[in-house]
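The values are calculated or read from the model by the stated rules, or taken from the named source; none is laboratory data. No experiment lies behind these values; they were computed from the predicted model shown. Note that each Cβ is placed from the backbone with ideal geometry, even for glycine, and that neighbours are counted across all protein chains shown. In case anyone asks, the SASA skips ligands and DNA or RNA and just uses the protein heavy atoms, side chains included. Shrake-Rupley method; radii C 1.70, N 1.55, O 1.52, S 1.80 Å.
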Amino acid sequence: MSTFLGVLRKRVLAPPLASVGFAERGFPVTHTDATARLEAVPQAVVCGFEWAVEGASLWEIERRLALVEPEQRGFAYEGATMGYTILDAMPGGGRDRTRALLEGPGRPHIFLTYIGIGFAMARLPRPLWKNVLPELTGVAHHPVMSWLAVDGYGFDRAYFDTDKWIGEQAEPEPYPWAGRPEYFARAFDQGVGRALWFIHGGNPDAVAAAVGRFAEHRRADLWSGVGLAATFAGGADQHGLGRLRQGAGEYFDELALGVVFAVKARTYAGHIPTHTHLAAGVLTDLTVQDAQNLADSTEQADGDDGPQPPYELWRERIRAEFRPEAHLRAS
């Protein structure tokens with residue numbers, strides 16, 4: 001049950017559902033059934049956040065989130081992780097809620113729960129960041145995929161402070177996440193790319209134009225974020241996805257990388273919506289099973305303890321499969 005303090009926290013910290021909508025944020029989106037489905041994503045995040053920041057028990061959180069439709073449930077887990085992370089970071093808050101969530105019912109959604117930690121980072125002072133990632137036991141992809149927390153931070157900043165991070169194309173100050181401050185801005189941009197898909201309501205031409213306005217050295221990571229969002233969240237039909245693939249141009253391998261990661265996250269969570277099957281086929285010419293196999297076969301390799309984060313090395317092995325030389329090897 002929620003306490004008075006929990007209700008007060010929710011009133012102070014949780015944004016109203018309307019405030020995360022496209023019209024309220026001033027995004028150039030025409031309302032359609034497809035954009036309504038996209039708009040439901042941040043709303044699901046808010047619901048999960050409200051339940052968690054009230055201080056609901058893990059037992060109650062799990063049962064509330066089970067009521068969210070499977071397609072949106074991972075996003076609600078993002079919000080719940082965000083709420084628990086903020087509670088744990090507060091003075092005297094302890095650091096057990098987030099760990100219990102990620103090791104427990106949030107485990108199938110580990111890719112998205114990392115993103116929820118990033119949402120919390122956007123609301124916490126940097127000195128507290130050193131404690132937001134819990135040490136997890138027996139959880140696959142930890143800590144390699146924890147860079148998705150930085151991705152989530154980038155998404156949040158682009159979505160809620162669009163003028164600065166999209167209009168002015170500001171770049172974040174480095175932070176030694178996983179001991180790699182030099183990679184922080186790249187992971188941040190992957191989240192900004194995801195945000196561009198939502199900000200433009202899945203309009204492929206507008207998204208491609210928005211990426212093209214960024215400095216060239218940032219476009220690759222932006223495109224991988226676009227591919228992930230288009231595949232995981234949906235929002236475009238077959239024609240629109242074809243336009244997106246065409247718009248990616250020389251960054252096709254980055255777009256495809258995002259698709260493969262999205263498929264990996266969806267299959268790991270155990271629910272694969274129709275739009276994910278469609279995006280995998282149109283954007284990469286792969287079935288969902290083929291994309292999952294590619295993600296699995298490239299996950300680990302010798303030398304992953306080198307200067308690049310293992311996360312980026314995994315990404316590079318996937319990208320390499322979509323370059324022209326890979327097709328020459330296969331022929």
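Given a 10 angstrom Cα cut-off, can you work out which residue in His109, His142, His217 is the most mobile in a GNM of the chain? Maximum among the listed residues: His217.
Here region 229-317 is treated with +1 on each Lys and Arg Cβ and -1 on each Asp and Glu Cβ, and its dipole about the Cα centre works out to around 480 debye.
Might you report the magnitude of the Cβ-based charge dipole of the chain about its Cα centre, with Lys and Arg at +1 and Asp and Glu at -1, to the nearest 20 debye?
Numbers: 32 positive and 41 negative charges, 141 e Å.
Here the size comes out at about 680 debye.
Return a whole-number percent for the relative contact order of region 103-214, with Cα pairs under 8 Å and 6 or more residues apart as the contact set.
25
Rolling a 1.4 Å probe over the protein chains gives Glu325 an accessible area of about 90 Å².
Of the residues Thr113, Gly240, Ser224, the one whose Cα sits farthest towards the positive end of the charge dipole of the chain is Thr113 (charges of +1 on Lys and Arg Cβ, -1 on Asp and Glu Cβ, taken about the Cα centre).
Kindly give the semi-axes, whole Å and largest first, of the ellipsoid equivalent to region 107-193, taking each as the square root of 5 times a Cα gyration tensor eigenvalue. Provide the component values of the computation, followed by the final result.
Working: eigenvalues 97, 35, 27 Å².
The answer is 22, 13, 12 Å, longest axis first.
Site pair Glu173 and Thr274 shows an inter-label distance of 4.8 nm when each label is modelled 7 Å from Cα along Cα→Cβ. Identify, among Ile166, Phe75, Pro91, the residue whose Cα sits farthest towards the positive end of the charge dipole of the chain, taking +1 on the Cβ of Lys and Arg and -1 on the Cβ of Asp and Glu, with the dipole about the Cα centre. Result: Pro91, furthest along the dipole toward the positive end.
Cα-Cα pairs above 29 Å in the chain: how many percent?
Working: 17570 of 54615 pairs.
Across the chain, Cα pairs with separations above 29 Å total 32 percent.
Is the shape of region 168-290 rounded, prolate or oblate, going by the alpha carbon gyration tensor and its root eigenvalues a ≥ b ≥ c, with a/c under 1.5 for rounded and a/b larger than b/c for prolate? Oblate, since a/c reaches 1.5 and b/c is not below a/b. From the alpha carbon centroid of region 36-112 to that of region 180-225 is 26 Å. Quick note on region 219-317: its Rg to Rh ratio, both from C-alpha atoms and Rh being the Kirkwood radius, is 0.98.
Would you work out which of Val263, Leu148, Leu313 lies farthest towards the positive end of the dipole of the chain? Charges go on Cβ: Lys and Arg +1, Asp and Glu -1. Toward the positive end, the furthest listed residue is Leu148. Using only alpha carbons, region 48-168 has a radius of gyration to Kirkwood radius ratio (Rg to Rh) of 0.96.
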